[in-house]
Amino acid sequence: MKAVLAVIDLQNVFADPASPWFTPRFAEVVPPIRRLVTAFGDDVVFTRFVAPRQPEGAWKQYYAQWPFALQPPDAPLYQVVGAFQPKSTVDATTFGKWHARMATRVGGASLVLAGVSTDCCVLSTALAAADAGVDVTVVADACASVDDESHAKALDIMRLYGPLVKVATTAEVLG
């Protein structure tokens, strides 16, 4: 079965140690993600978390807590890190990236997920895609979280969704 790699939110806002949203193991996941991107060739989609123009509902409280993030999509913090230069991105103002544009891009293929943060955007994307009937594989060593405990817990939660969601290593995916 054909597979599409989705690189979730590999953005400056999560890579920069000065950012309130810094993901400590971000730099460690870049090499395995680079191997995956190379292997998947044209079957790769990069996503970006971006702020809405005007937060609504519970998002108002969220951005009251994180006002620094209320910047336009073209702000430097929302750009994909310089190690990668995607031609286009699937952007969303939500944690989960399983939306119509992503579904169209994936088509009938299985979905392989890598990126940040395992306990937020990766988890939200994996579960929504699985609910839509997509075969999902999360690449554990190509994902990072706010801390190791949260990363492990999120992977454990996703394992509970098997066989809809599988957790694998980069070596297993590329095997």
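Per DSSP H run of n ≥ 4, the term is -39500 (n - 2.57); total these for the chain, divide by its residue number, and report the mean residue ellipticity at 222 nm rounded to 500 deg cm²/dmol.
About -9500 deg cm²/dmol.
Around VAL90, which amide H atoms from residues at least 5 apart in sequence, or from another chain, sit under 5 Å from its own amide H, with H modelled in the peptide plane?
Residues meeting the amide H criterion: PHE46, THR47, ARG48.
Which log10 I(q)/I(0) values does the chain give at q = 0.16, 0.17 Å⁻¹ under the Debye formula, counting every alpha carbon as one identical point scatterer?
With one equal scatterer per Cα and no solvent, log10 I(q)/I(0) is -0.91, -1.04.
Quick one: which residues, 5+ away or cross-chain, put their amide H under 5 Å from the amide H of ASP141? H built at 1.01 Å from N.
THR170
Go through the range 143-151 residue by residue and turn each phi into a ³J(HN,Hα) via Karplus (6.51, -1.76, 1.60, θ = phi - 60°); whole Hz please, and just put x for glycine and proline.
In residue order, the calculated couplings are 10, 9, 10, 5, 7, 5, 5, 5, 4 Hz.
Amide H of LYS166: which non-local residues (sequence gap of 5 or more, or other chain) have their own amide H closer than 5 Å, using H built in the peptide plane?
VAL136, THR137, VAL138
Which percent, nearest 5, of DSSP beta bridges in the range 3-174 are antiparallel?
5
Can you give the direction-averaged projected area of the convex hull of the alpha-carbon atoms in the range 9-87, in nm²?
Projected over every direction and averaged, the Cα hull of the range 9-87 covers 6.0 nm².
Which of CYS143, ALA64, ALA171 sits farthest toward the positive end of the charge dipole of the range 38-175, with +1 on the Cβ of Lys and Arg and -1 on the Cβ of Asp and Glu?
ALA64
Measuring from label point to label point, each 7 Å out along Cα→Cβ, what is the HIS99 to GLU28 span in nm?
3.1
How many lysine pairs does the chain hold where the Cα atoms are under 25 Å apart and the two sit 8 or more places apart or on different chains?
Total qualifying Lys-Lys pairs in the chain comes to 8.
What list of ³J(HN,Hα) couplings, whole Hz, do you get for the range 167-175 from phi and the Karplus terms 6.51, -1.76, 1.60, once you set θ to phi - 60° and write x for glycine and proline?
Listing the rounded values in order: 10, 9, 9, 4, 4, 5, 5, 7, x Hz.
With θ taken as phi - 60° and the coefficients 6.51, -1.76 and 1.60, list the Karplus ³J(HN,Hα) couplings across the range 74-83 in order, rounded to whole Hz; mark glycine and proline as x.
8, 5, x, 5, 8, 7, 5, 4, x, 5
Laboratory data are not the source of any read-out in this text; all were calculated from the coordinates shown. If you're wondering where the values come from, they're calculated on a predicted model, not measured in any experiment. When we count neighbours, we look across all protein chains shown, and the Cβ atoms used for this are built from the backbone with ideal geometry, even at glycine.
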